[in-house]
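Okay, so here's the structure we're looking at.
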Amino acid sequence: MPQSLADAELRSLLAIYKDVHSHPELSGYEERTAGLVAKELRAAGCEVTEHLGKYQNSKHKPYGVVGVMKNGDGPTVLVRTDTDALPVQEETGLPYASKVVAKNDEGKDVHVMHACGHDTHIAAFIGTARSLGKLKDEWHGTIVFVAQPAEEIGTGARALLKDGLYDRFGKPNFALGFHDKADLQAGHIGVTEGYTSANVDSVDVTVRGIGGHGGYPHKTKDPIVLAAEIVNAWQTIVSRENNPLDPVVITVGSIHGGTKHNVIPDEVKMQITVRTYKPELRERVLADIDRIAKGCAAAAGIPPDLAPIVSVPKDLVASATYNNPELTKRLVAVWKKSLGDENVEIVDPTMGGDDFSEYSLPDHSIPAVYFHFGAVDPAKIVESKQKAKELPTLHSSKFAPVPESTIRTAIIGMTVAVLDLMK
Ligand SMILES: [Zn+2]
Ligand SMILES: [Zn+2]
């Protein structure tokens, strides 16, 4: 049974988990993790290919790993884990906490932590491969295990597809992915039908003016006042131009301009994250951001040749993840049977992003499901509700999943899902 197989592997997987947790690697630098995953997939009976991925950024090396497990004729199912960690200094106080410091893309030393729980994904992914390797009497077809780097920067999945993932290993009939959840109790699975995570776009804006003396504003065109107006005007895209039933987030996460009290600068730079679900809305909101920035500048009397520069870097985007409704319903029934009705929850979609979306292709033609597994001690969830105290979120320096039940549930959830699709 998948349950007893997961139990039998748990000790060894916990050791792997703690090892990966204490050796986190930044996006594009997952060398050690890739080696470990490749070794484990081979031991589980997969034919393994390493060093996959074609990145635009030449600093990022191809550390994608694919393990193919063949068992006669039948469907092809893709199972994905991500492998990268974050530039966060761990503050969990755990005995296996990360002390790793590594160089980031800019060559700066940063602390590194598995603050998004991709280490739980890796352990569960290996556990799933081991279980399915032992359950070959119960399934037919091909399982493509994909250990994907660079999820946190949204480039890993595209890098693998660009390197011929589907040409070399076959286009899957189904794609499955999972993620731990920092507000769901360990032992539970949570899933959403339809859109489950958002389109993520990063927008860079340079607002230009004509600088000069802070005491003589009439002789300048002040880009700081203009930037402030633009930031507020953008919020009307959400509140006035958008159908309230379609979620949109526009967050200005960075704004920098000027050097001194009494100098009006020539420019202000802003960085914005934009979140949407529907593709047509995504295009419209990005166009609105551009139009409003330029319109505000025109109203402020900025000459046309100094209009704001709005750009959307193409390598910093993720598309919304869409859970095929029919497949989701099917898997919910499977999970309820193996974990109990009370341990499977329909959860709200989020405006977070995950490039797992890439595997179902832009037209969602490959049915995919991306589900969550709880990572939190149930007592802590009760306490947080009673005291109205927020739990550490994903990416928090204090995020510490309870590994045993978290990994166990993820293995069972993924194993029974694959078995159902390939029986
Ligand atoms: Zn993350
Ligand atoms: Zn993550």
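The values are calculated or read from the model by the stated rules, or taken from the named source; none is laboratory data. Not measured: the values here are computed from a predicted model. Methodologically, a virtual Cβ is constructed for each residue, glycine included, from the backbone with ideal geometry; neighbour enumeration extends over all protein chains shown.
When Lys221 is tested against the conditions (1) without any contact (Cβ under 8 Å) to a residue 40 or more places away in the chain; (2) over 16 Å from Ile292 (Cα atoms); (3) surrounded by 18 or more Cβ atoms within 10 Å (Cβ to Cβ), the lone failure is (1).
His372 falls short on exactly one of the conditions (1) under 20 Å from Lys269 (Cβ atoms); (2) in contact with a Lys or Arg (Cβ under 7 Å, 6 or more places away or on another chain), and that condition is (1).
Scanning region 385-423 for residues that are out of contact with any Ser or Thr (no Cβ under 8 Å at 6 or more places or on another chain) and without any contact (Cβ under 8 Å) to a residue 40 or more places away in the chain returns Lys385, Gln386, Lys387, Ala388, Lys389. Taking every residue in region 152-168 that is on the phi < 0 side of the Ramachandran plot and pairing it with any residue that is modelled with pLDDT under 95, at least 6 positions away or on another chain, the pairs with Cβ-Cβ distances below 6 Å are Thr155/Asp315. None of Pro392, Pro401 is in a loop (DSSP other than H, G, I, E, B), under 23 Å from the mean Cα position of the chain (by Cα), within 16 Å of ligand 1 (Cβ to nearest atom) and under 15 Å from Gly187 (Cα atoms) except Pro401.
Looking at region 99-146, which of its residues are within 16 Å of ligand 2 (Cβ to nearest atom) and either among the small types (Gly, Ala, Ser) or surrounded by fewer than 15 Cβ atoms within 10 Å (Cβ to Cβ) (or both)? The answer is Ala115, Gly117, Ala123, Ala124.
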